């Protein structure tokens, strides 16, 4: 099973224009977990083998921010597919093949 997750999580009660100092704490936690992930400008994607692992990582992300914030905003999207793996990269490569950008 492949559970692809794309999410964004950040505090909404902090002053200033940038949440990146706190968001970086979440990204460090994901990196240190050993789960494959990709950081993007508007969110982060990762892949686990079970929904339980995905939910546990989302909960851990929240608890990473909890000491620093009284209000956390979260958006989560999941694509769960039985009998599949390594889709974090595979889905991108599949689209690139269709648009003629193989190995781009």
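Worth pointing out:
- Residue pairs whose Cβ atoms lie under 9 Å apart, sitting 6 or more positions apart in sequence or on different chains, and linking a residue in the range 1-16 that is free of Cβ contacts under 8 Å to residues at least 60 places away in the same chain to a partner that is in a strand (DSSP E or B), are 13/72.
- From the options 47, 52, residue that is modelled with pLDDT of 95 or more and exposed (fewer than 12 other Cβ atoms within 10 Å of the Cβ): 52
- Of all residues in the range 1-21 being over 23 Å from residue 90 (Cβ atoms) and assigned to a strand (DSSP E or B), the one that is farthest from the chain's Cα centre (by Cα): 11
- All positions within the range 69-89 that are within 20 Å of the chain's Cα centre (by Cα) and either over 19 Å from residue 4 (Cα atoms) or surrounded by 13 or more Cβ atoms within 10 Å (Cβ to Cβ) (or both): 69, 71, 72, 73, 76, 78, 79, 80, 84, 87, 88
- Set side by side, the residues 62, 73 differ, and just one is in a helix (DSSP H, G or I) and either touching a helix residue (DSSP H, G or I) at 6+ places or on another chain (Cβ under 7 Å) or modelled with pLDDT of 95 or more (or both), which is 62.
- Considering the range 1-21, the residues that are within 15 Å of residue 72 (Cα to Cα) and touching a helix residue (DSSP H, G or I) at 6+ places or on another chain (Cβ under 6 Å) include one that is surrounded by the fewest Cβ atoms within 10 Å (Cβ to Cβ), namely 11.
- Residues located in the range 22-54, provided they are farther than 14 Å from residue 72 by Cα and part of a helix (DSSP H, G or I): 24, 27, 28, 29, 30, 31, 32, 33, 51, 52, 53, 54
- Condition check for residue 57: part of a helix (DSSP H, G or I), in contact with a strand residue (DSSP E or B) (Cβ under 6 Å, 6 or more places away or on another chain), free of Cβ contacts under 8 Å to residues at least 60 places away in the same chain and surrounded by 12 or more Cβ atoms within 10 Å (Cβ to Cβ): no
The values are calculated or read from the model by the stated rules, or taken from the named source; none is laboratory data. Nothing here was measured: the structure is a model prediction, and the numbers come from that model. Neighbour counts are summed over all protein chains in view; Cβ atoms, including those assigned to glycine, are modelled from backbone coordinates with ideal geometry.
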